Amino acid sequence: MKKSIIIGGAAAVVLVGFIAFRMLKPEEQAPEYETRPSVRIEQPQTGDIVLYTDLTGTIEPQSKASVQPKIGGEILEVFFQAGEQVAEGQVLCQIDSDALTSLRLQMEAAQVALNDANNTLARTQALFASGGVSQQALEQAQNGAENARISYESAKNQYDLQVEYTQVTAPISGVIESRTIEPHDHVSAGQEICVISGRDQQQVNFGITEQILGNLSVGDGITVEKGEASYEGTVTEVGSMVNASTGLYDVKAVLHQADGLTTGSRVKLTVVMDQALGAMTIPLEAVNYSQGQPFVYCYEDGVAVRTDIESGIYDSEHMEVISGLTPDSQVITSWSNELMDGAEVLPAEDTESEDEIETDGQEAEEPVEDAGAGQD
């Protein structure tokens, strides 16, 4: 009985001591948490922004000739086929022209007149020598012979020229792209009978807008793609007048080593659409808009300050800043739903420094606890 009373009394004493300890122990203060949003800060950089665009072009030979006979008539023979390689001066076809008969007769008549004029001159000279005719008669005979000679030479040259025209030759070396005649066809002067394209070098023709016109010049490089193959080229011509049929400016570019590209095929081109070289740039993610006005938040003395900017071109990562910022501006590049004009913010580097200090403190306490445990 005494033992039970002693145990009960001891338990009561322990309980009273515990209650007193809890009542007398000072209350722990709740930890303070940082309420300012953490932001990343960057200064504007100087760099280049180049924007490219894809266009469609048509492959053509740099040198091309439309072959047209200079005389009309019947095609007697054709000496070429489409796709064949021909050399400059090679005969392509033979033409029989009715005009040759008339020209030949005119030449023969001029020959007869020349012979008569020469005979008359010879007789007149003999008579003049014997005093049978006057000086005037001699001069008339001489003029008649000279006129007859000029008429004959003119008729003969015309006939020879037309004879030459009956053989149509290739004006350039290259490949026959098309053939539009067959033997015994009748053609007229100026009618196209074939097209020859020089295969020494290919070019691509394409159209550009006015915006691209300001960024494309003769000598600029381009890239042409056909399937999985790509080719490099150089701009050789840039039109200064809008093509009425397309509404674009015509451009030509010569291609280097364009084997495999056929005349008339369509290709994709990559050209510079716009560019800003040596421009002030900021990360695109830092830019906000309000009613179409671009702006950024700048860090000033612990506060986010809205700063309107005049923007230029931009790509997937950076935007050109024309005005509104200086090279020393502290641009906030991270986003937070608490970020607004006048809001207090904390630079991310300051937050990282505090985390490092807390981590160092925890690492310093652990060895002490381990040492005490070892002593026990």
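So that you can scan it fast, the table gives a plain yes or no per residue for (1) at pLDDT below 95; (2) not hydrophobic (A, V, I, L, M, F, W, C):
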| residue | (1), (2) |
| --- | --- |
| Asp308 | no, yes |
| Ser334 | yes, yes |
| Ala343 | yes, no |
| Ser353 | yes, yes |
| Asp370 | yes, yes |
| Gly374 | yes, yes |
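Looking only at segment 250-293, how many residues end up being under 13 Å from Ile59 (Cβ atoms) and in a strand (DSSP E or B)?
We begin by selecting, within segment 250-293, every residue under 13 Å from Ile59 (Cβ atoms); these are 252-255, 258-269.
If we keep only those that are in a strand (DSSP E or B) as well, we get 252-255, 266-269.
Number of matching residues: 8.
If I filter segment 64-121 down to residues being free of Cβ contacts under 8 Å to residues at least 40 places away in the same chain and of a type in the set (A, V, I, L, M, F, W, C), which single residue comes out as farthest from Gln142 (Cα to Cα)?
Our first condition is that a residue be free of Cβ contacts under 8 Å to residues at least 40 places away in the same chain; within segment 64-121, this holds for 79, 98, 101-102, 105, 108, 112-121.
From the residues that got through so far, the ones that are of a type in the set (A, V, I, L, M, F, W, C) too are 79, 105, 112-114, 117, 121.
Working: Phe79: 49, Leu105: 25, Val112: 16, Ala113: 14, Leu114: 12, Ala117: 8, Leu121: 6 Å.
The residue in question is Phe79.
To keep it simple, each residue is scored yes or no on (1) part of a strand (DSSP E or B); (2) in the same structural domain as Thr262 (by TED's automatic domain parsing); (3) modelled with pLDDT under 90; (4) closer than 30 Å to Ala304 by Cβ.
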{"site": "Pro26", "(1), (2), (3), (4)": "no, no, yes, no"}
{"site": "Gln29", "(1), (2), (3), (4)": "no, no, yes, no"}
{"site": "Thr35", "(1), (2), (3), (4)": "no, no, yes, yes"}
{"site": "Thr58", "(1), (2), (3), (4)": "yes, yes, no, no"}
{"site": "Ile71", "(1), (2), (3), (4)": "no, no, yes, no"}
{"site": "Glu74", "(1), (2), (3), (4)": "yes, no, no, no"}
{"site": "Glu77", "(1), (2), (3), (4)": "yes, no, no, no"}
{"site": "Gln81", "(1), (2), (3), (4)": "no, no, no, no"}
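Here's a check for you: in segment 270-304, which residue that is at pLDDT below 90 and of a type in the set (A, V, I, L, M) is surrounded by the fewest Cβ atoms within 10 Å (Cβ to Cβ)?
Going through the qualifying residues, I end up with Val272.
Among the residues of segment 244-286, write down those that are free of Cβ contacts under 8 Å to residues at least 40 places away in the same chain and closer than 19 Å to Val50 by Cβ.
Passing the criteria: only Leu284.
Are there any strands (runs of 3 or more DSSP E) wholly within segment 98-215 with 1 or more residues that are modelled with pLDDT under 90, small (Gly, Ala, Ser) and surrounded by 14 or more Cβ atoms within 10 Å (Cβ to Cβ), and if so which? Quick ask: steps written out before the conclusion?
Numbers: elements: 167-169, 174-179, 194-197, 202-208.
In segment 98-215, 174-179, 194-197 are the strands (runs of 3 or more DSSP E) which contain 1 or more residues that are modelled with pLDDT under 90, small (Gly, Ala, Ser) and surrounded by 14 or more Cβ atoms within 10 Å (Cβ to Cβ).
Residue-wise test of (1) in contact (Cβ under 8 Å) with a residue 40 or more places away in the chain; (2) in contact with a His (Cβ under 7 Å, 6 or more places away or on another chain); (3) in the same structural domain as Leu339 (by TED's automatic domain parsing).
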position	(1), (2), (3)
Ile193	yes, no, no
Gly219	no, no, no
Gly227	no, no, no
Glu232	no, yes, no
Val242	no, no, no
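The values are calculated or read from the model by the stated rules, or taken from the named source; none is laboratory data. The structure presented is a predicted model; accordingly, all values stated were derived computationally and were not measured. Quick reminder, even Gly has a Cβ in these numbers, built from the backbone with ideal geometry, and neighbours come from all protein chains shown.
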